[in-house]
């Protein structure tokens, strides 16, 4: 059923569609799976008859991947990018296409209508089948937490456990005498601040992405409803669609860039040493 | 939208005053439905998607890109090798040409020298032959002149004898004839 029949408002959270045992499948999760399936399908089509001299779809996909790889190589360096490209590539491509797929008409507007309201909530009368994947804090938090765990793993594997803590707490530079003691205290405090910053990174990452995408969807929904007539409803949100295309790209880029820079910052020292050794 | 945001603000801010940070976190989790049954599947879903994209999307493309890079590197290495071989070949050709030029020059000089020597030899031979011919001719001419002179002497003697016989009426002796001949010859030769 279309949304016009009784779409109350766009809730801040994703809505559960069905359950598989204890696992709840939400409309945003379904959206992410569809996007992932489309990306995999396109990649498979592009690499089905892979040729040494590329053309058509293979050419486009290779251009995308190669550009992304070179871009990340410029930030992370040759060594780190080989190890981590799968993650940052996934982050960028998945966020970008999830954002853009969320703009397809029907996402958030086709679903179930229950005049009595879902889950006993009389205001929640409409439940869309699909919802923008990044307009769900669970999804953005899942990506951020996954990155945080991988960040620890990569940081420790690159620096070693002692090197990791030294990187955070140890004074940068060479000091002696009373100055060394003072610097130990100063950098110890800076290290504590750094720890707080590390803890809050997933929160900042997830809320930034969620906030931007959810705000965009809310804007589009509000603009669609602003005229109150079905035959003019397409016009007000039209400029915002172009803006959301841009926002989708920028947010994908921001998320990927920030995560890449966070990793680079913790691995920078060891990466330089690694280069020196080589 | 504004009602919703106001609602969100009040629901997140008010409990924070009541129950501190823990209460705020709990309220955010409730409002945004950050629940284990939704969050954990999202984490699994994301990691699964990342794995699938790595295996079926980035993996084959990166392999292809690596192969192409390797092929380009191999091609460049081969090109350098070919360029090196070409330079070596050009140098070798130049050396061979230079050597051939030097050989040709030397052969021409030798031929020139040989030709000059042969000309000289042939000229000397020709001169010798000519001198020989001249000598032979002179000898032949001298012999012929001597022959003619002898014949002339003989004929003159005969004429003188005949003339003397006729003048004397055939009364000259052999000694007289010989004396007349010798005197006549001496006068002719003088």
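Of A:183, A:243, A:223, the residue with the greatest mean-square motion in the GNM of chain A, using alpha carbon springs below 10 Å, is A:183. Quarter the surface of the alpha carbon convex hull of the stretch A:1-136 and you get the mean projected area, 11.2 square nanometres. With no solvent and one point on each alpha carbon, what is the Debye value of log10 I(q)/I(0) for chain A at q = 0.14 Å⁻¹? So the normalised log intensities work out to -1.07. Oblate is the label for the stretch A:74-166. Its Cα gyration tensor axes, ordered a ≥ b ≥ c, give a/c of at least 1.5 and b/c at or above a/b. Taking the convex hull of the alpha carbon positions in the protein assembly as shown and averaging its projected area over all directions gives 61.4 nm². Full extension of the chain segment joining residue B:140 with residue B:21 gains 27.5 nm, where the gain is 0.36 nm per residue of separation less the Cα-Cα distance. Residues considered: A:13, A:123, A:167. Largest GNM mean-square fluctuation over chain A, using C-alpha springs under 10 Å, is found at A:123. With r defined as the distance between the Cβ atoms of residue A:189 and residue B:74 and R0 fixed at 56 Å, what FRET efficiency is calculated, to the nearest 0.05? The computed FRET efficiency comes out at 0.55. Between the helical axis of B:59-168 and the longest alpha-carbon principal axis of chain B there is an angle of about 0 degrees. Reducing the stretch B:53-106 and the stretch A:141-220 to their Cα centroids gives an inter-centroid distance of 49 Å. Take each residue in A:133-139, count the other chain C-beta atoms within 10 Å of its C-beta, and the mean is 5.
Taking square-rooted eigenvalues a ≥ b ≥ c of the alpha carbon gyration tensor, is the stretch A:168-278 rounded, prolate or oblate, where a/c under 1.5 means rounded and, failing that, a/b exceeding b/c means prolate? Verdict is prolate for the stretch A:168-278.
Take each residue in A:86-92, count the other chain C-beta atoms within 10 Å of its C-beta, and the mean is 5.
The mean sequence distance of close C-alpha pairs (under 8 Å, at least 6 residues apart), as a share of the length of the stretch A:3-277, puts its relative contact order at 24 percent. Spin-label model, residue A:157 to residue A:225: label points 7 Å out along the Cα-to-beta-carbon direction sit 4.7 nm apart. Computing FRET efficiency as 1/(1 + (r/R0)^6) for residue A:19 and residue B:86, where r is the C-beta to C-beta distance and R0 is 56 Å, gives about 0.20. Here the alpha carbons of the stretch B:58-165 define both size measures, Rg and Dmax, at 45.0, 153 Å. Compute the helix-to-body angle for A:178-225: its Cα long axis versus the longest principal axis of chain A, expressed 0 to 90° and rounded to tens. In chain A, helix A:178-225 runs at an angle near 10 degrees to the longest axis.
For chain B, the relative contact order is 8 percent, taking Cα pairs closer than 8 Å that sit 6 or more residues apart in sequence and dividing their mean separation by the residue count. Taking the C-alpha atoms only, the angle from helix A:137-159 to the longest principal axis of chain A is near 20 degrees. A prolate overall shape is assigned to the stretch B:112-190, the ratio a/c of its alpha-carbon gyration tensor axes (a ≥ b ≥ c) being 1.5 or greater and a/b exceeding b/c. Calculated translational diffusion coefficient of the stretch A:87-227 (4 °C, 1.567 mPa s; Stokes-Einstein with Kirkwood radius over alpha-carbon pairs) equals 69 µm²/s.
The mean count of C-beta atoms from other chains within 10 Å of the C-beta of residues in A:50-62, rounded to a whole number, is 2.
Across all directions of projection, what mean area in square nanometres is found for the Cα convex hull of chain B? Please report the intermediate quantities before stating the final value.
Numbers: hull surface 140.3 nm².
Taking a quarter of the hull surface, the average projection is 35.1 nm².
Return the single residue from A:265, A:192, A:96 with maximal mean-square fluctuation; model: Gaussian network over chain A, springs between Cα atoms under 10 Å. In the Gaussian network model the winner is A:192.
None of the figures in this text is laboratory data; all of them are computed from the coordinates on show. Remember, predicted model here, so these are calculated numbers, not experimental data. Cβ coordinates were reconstructed from backbone atoms using ideal geometry, including for glycine residues, and neighbour counts include every protein chain displayed.
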